[in-house]
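One structure below.
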Amino acid sequence: MTLELEKLTGKVEEMAQGAYQQQQQQDKVLEGLLEKLYANRVAWDKIREAMKTAEQETDPKWYRAARPLDEVEPLDVVVDPPPPPDEATVIAGDGSQILPNRHAAYLYSVINIGLIVYYHGRGQAPSQETRPVLDYPNGEDEDTFVDKGAIVNLRRDLAEIETLVDKAWTFRREEHPVVALLDQRLLYWPVGSSGEDEGQRVLRGWQEAMIKAKDGRCLLAGYIVRPGKRSVMTMLQSLDINEPDFDLGKLEERSRTPGLTDATLFRRLLLAPGQRSKVFVDVSHHNREFRSRDADNEVCFFYLNPGGRPRKIARVDIPMWVARDPERVKVVHSLVYNQCQIMGDYPYVLSRADELAVVGGQDRESLEVMIANAMEKYGMAGTVTAKESGKTVARAGRTRHEGLRRR
Amino acid sequence: MVTFEDGTLAGAGTGRDEIGRVLRASTTGFAVGSRVQQLDAPSFGCLVKAQPIDQREAIYGLVYDMHIDDDPLVRRLILAENPRQSVIEDQRNNRLIPIEMSTLTVGYSVNGAIIHGLPPRPPLNLDPVHICTGREEIVAFTGEPGYLRLVVRAAGTQVPVDQLLVAHIRQVYELRGNDDAWALSTIQEVIDLLRSDYELLMPTLETLSEALPLLPEVADLGLGR
C-alpha cells in the first residue's frame, strides 16, 4: 500500500485553517513586542533590573533569555553587511553517521566528517577531505552496542567540532582571518544520551574544542537555519515584570507561545539581505555552565538576514571572545553573509561540507560489501534478519503505477 | 599483429593518454566517465579504446556524445549571482560528477591484432579508456575501412551518423598527416555503404566537402556532383 492522499484531504484543510488562525494571534503578540523593542531601545538600566528580577524569581532551569552584549548599539539596531576582508580562510565541517542496525548482517557504526577549506579572495578551488571512523562491538555485548545509537549521535557532534577546530588550528599562523563554521548551535548540550558519563565527556570535549579555537585565533561560529530560540522575546517580556498581576510562568521556556520565535520578530526588522541584529548574550543555565568552564566560551549570537525569498532569518552563534571585539564580529558577519551570497541564502561551505559528510545508500551498500568480504575471508559469514531482507525487497524501486505512457 | 615503434602492441595503453574510465558498457558501445581535467583531449568523433588491465581485449570506439549532468547544487548556483571563480573551480575539480561520453564500438584487438567488428564481450566498469592519437595506431586501425560498417549500421539510433563520420574522417585525415589518398578511399567507402540511403549520404558528403576544402575531389565523388 502507498499513502492514500484522498483520505487526508479534510485533515490537511483543517491544518491550513489552524495555521492561519494561529498566525493572526501571533501577529498581535508580535506587534506588542516590536513596540516594546522600539520603546526600550536604549533603556539599559530598566533592562538590567528587569532581567535581574526575572532571573531571581523564575526557575533557573527554565528561564532562557538574552542579554544585550553592550550598551552601545541600541536593541533595534540594524547593521548592514560590512565588506569582507580581501583574503580569509573559511572552514566548514559537518558530520553524518550510520547507526548500528540490529537486523543487518554485521553490527557496526560509522561517523563520517566532511571538511572544506574555502580560500576567500584567492580564486582557487577549495580543498576538501573526509574523515570516516568505523566502530564495532569489539568483544562488547551486541545489545549494548545497538543501544549505543544515541551515543553515536553525540560522538558525531563532538567529532564535528573537534575535526573542524583541528583543521583550523593548522591555519593559526595565517596573517588573514580564519573563520570556522559549524552547521549547528555553539551552545551545545548533550541530549538523548543513555549514559550520563558519555554526555559529560562529549560536553567537556566540545568546550575544550572551543578553547582550542580561541588559542588558534580561529573565529568559531555556529550557523542555525530557522532558529527556534525566543530569548530576545523573553527579555522583552521580562521588562513588564514589575507590572501588577504579571504572570512569571510566561517567562519560562516550557510555557512558550507556540510558533513565535525571535526569528519572527527579527524578520520584521532585518529587511535587507546581509543585515544583522544586535549581538546578544544567551542567558540560560547551559550558558552559565559554559562560562564557568571558560569565560570566553560564553555563547553570544546575532540574527542575520541571509538573503533569498521569502525573507528568512538565521542565527549566528559566536563565543564571547569573538563577540566583544567589534572587528571580529565584523569579519564573521561579512564572511558568513559573503558565503550566503554564493547560493542565495545559505553558506556555500556548509552545503559542501554536508555533501562531503553524507553517507548515501550506495556508500552504505559498498561498505557492507567490503565488511562482508573481509569477514568471509575469516569464515565469518553474517546474515540479515528476515525483517531487513523483507524491507529491502519491498522498498527496492517502488513506484506508483501511473498508467501506460507513451515513450 | 601490429607492434608499434615503442614496442607496445596494438590495444596497449600508455597511461599518458587516459581520458576516463568505463561507466557502463554493452557489446555495441560503452559510456566513459571523465573528470573535468581530462576533457581537453577527447572530442566528438575521436577514436578511443577501453584498455583492460588484464588480458582481455582492448575495445575501440568512436565518441558520439558528451554529456555533462547537473545536480541541485549546480542549479542553485546558476540561479544565484555570477558564480565566483573559486566556486567554479570547486565544482570542476572537487565535486564527484563525471562527464559522460558515449562511444560506439568499432573494433577490438586481441594480442595486438586489430579486428573491425563487435567484440566477444564488452569492457568492464572502471576499465581505463585512452584516446588514440598516436599516428601508428591510427594508421593501423584506419588502414582498412571495415569499421565504418559499424558506424553506418547505427543510423536510426541516437548516434548522429553523418556528423560522426565527418568529424572522424577529418580528425583521422589530419592525424595521418593530411593523407589525401586515405581520405578519398574512405569517402568512397562511405558512398558505397550509404548508396541506398540518399538522405544520409548527401548531407554527409556536403559536410565533408566543407570540412576538407583542400580535397576538391570530395564533391566530385558525390552521386552526380
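Listed values, structure above:
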quantity: Approximate spin-label separation A:R41-B:D192, in nm, with each point projected 7 Å along Cα-to-Cβ; calculated: 9.0
quantity: Farthest toward positive dipole pole in the protein assembly as shown [+1 Lys/Arg, -1 Asp/Glu at C-beta], among B:Q55, A:V178, B:L126; calculated: A:V178
quantity: Potential extension, A:V77-A:E365 segment - 0.36 nm per residue separation minus Cα distance; calculated: 98.5 nm
quantity: Region A:244-356, relative contact order in percent, only Cα pairs under 8 angstrom and at least six apart counted; calculated: 20
quantity: Cβ-based exposure ranking for B:L118, A:L115, A:L37, in which fewest neighbours within 10 Å come first; calculated: B:L118, A:L37, A:L115
quantity: Förster radius 35 Å - calculated FRET efficiency between A:D70 and A:Q24 (Cβ-Cβ, nearest 0.05); calculated: 0.45
quantity: Computed FRET value (nearest 0.05) for B:L39 with B:E210, which takes r as the C-beta separation and R₀ as 30 Å; calculated: 0.70
quantity: Per-residue Cβ neighbour rank within 10 angstrom, fewest leading, A:V369, B:V110, A:V202; calculated: A:V369, B:V110, A:V202
quantity: Degrees, to the nearest 10: A:326-343 long Cα axis against longest axis of chain A; calculated: 50
quantity: Whole-number percent relative contact order across chain A, with pairs defined as alpha carbons under 8 Å at least 6 apart; calculated: 22
quantity: For chain A, diffusion coefficient by Stokes-Einstein and Kirkwood Rh (Cα), 10 °C, 1.306 mPa s, µm²/s; calculated: 66
quantity: Cα lying deepest toward the dipole's positive end in chain A, options A:V152, A:L350, A:M235, charges on Cβ; calculated: A:L350
quantity: Check: the protein assembly as shown dipole with +1 on Lys, Arg Cβ and -1 on Asp, Glu Cβ, in debye; calculated: 1240
quantity: MRE, 222 nm, helices only [DSSP H, n ≥ 4, -39500 (n - 2.57), over the protein assembly as shown, to nearest 500]; calculated: -12500 deg cm²/dmol
quantity: Which of B:R153, A:R201 has the fewest Cβ neighbours within 10 Å, and the rest in rising order; calculated: B:R153, A:R201
quantity: Region A:1-74: trypsin sites (Lys or Arg not before Pro) in DSSP coil with no more than 16 other Cβ atoms inside 10 Å; calculated: A:R41, A:K61
quantity: Among B:D127, B:D71, B:D162: highest mean-square fluctuation, GNM of chain B, C-alpha pairs under 10 Å; calculated: B:D71
quantity: Fluctuation leader among B:N94, B:N125, B:N82 - chain B, Gaussian network, Cα springs under 10 angstrom; calculated: B:N82
quantity: Estimated FRET transfer efficiency when R0 is 22 angstrom, pair B:E18-B:R135 (beta carbons, to 0.05); calculated: 0.70
quantity: Fluctuation leader among B:A181, B:A113, B:A50 - chain B, Gaussian network, Cα springs under 10 angstrom; calculated: B:A181
quantity: Shielding by partners, peptide A:116-124 (average Cβ within 10 angstrom, other chains); calculated: 3
quantity: Helix axis angle, A:149-169 relative to chain A longest principal axis, alpha carbon, degrees; calculated: 70
quantity: Selection from A:M210, B:V152, B:L184, by position along the positive dipole direction of the protein assembly as shown (Cβ); calculated: A:M210
quantity: Among the listed pairs A:K167/A:K330; A:K46/A:K212; A:K250/A:K278; A:K28/A:K312; A:K52/A:K330; A:K7/A:K148, those beyond 28 Å (Cα-Cα); calculated: A:K46/A:K212; A:K52/A:K330; A:K7/A:K148
quantity: For chain B, convex hull volume per residue from C-alpha positions, Å³; calculated: 149
quantity: Rounded if a/c under 1.5, otherwise prolate or oblate - region B:104-207, Cα gyration tensor axes; calculated: oblate
quantity: Of the DSSP H helices in chain B, those whose Cα atoms cover at least 15 Å axially and whose Kyte score averages -1.0 or more; calculated: B:161-175, B:180-194, B:198-211
quantity: Fully extended contour minus Cα-Cα distance, from A:V12 to A:A272, at 0.36 nm per residue; calculated: 90.2 nm
quantity: Shielding by other protein chains, B:82-94, mean Cβ within 10 Å; calculated: 5
quantity: Whole-Hz ³J(HN,Hα) from phi, Karplus 6.51 cos²θ - 1.76 cosθ + 1.60, for region B:40-57, glycine and proline x; calculated: 5, 6, x, 8, 4, x, 6, 8, 10, 9, 7, 10, x, 7, 9, 8, 5, 5
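Every read-out reported here was derived from the displayed coordinates using simple, explicitly stated rules and does not represent laboratory data. These figures come from a predicted structure and were not determined experimentally. Methodologically, a virtual Cβ is constructed for each residue, glycine included, from the backbone with ideal geometry; neighbour enumeration extends over all protein chains shown.
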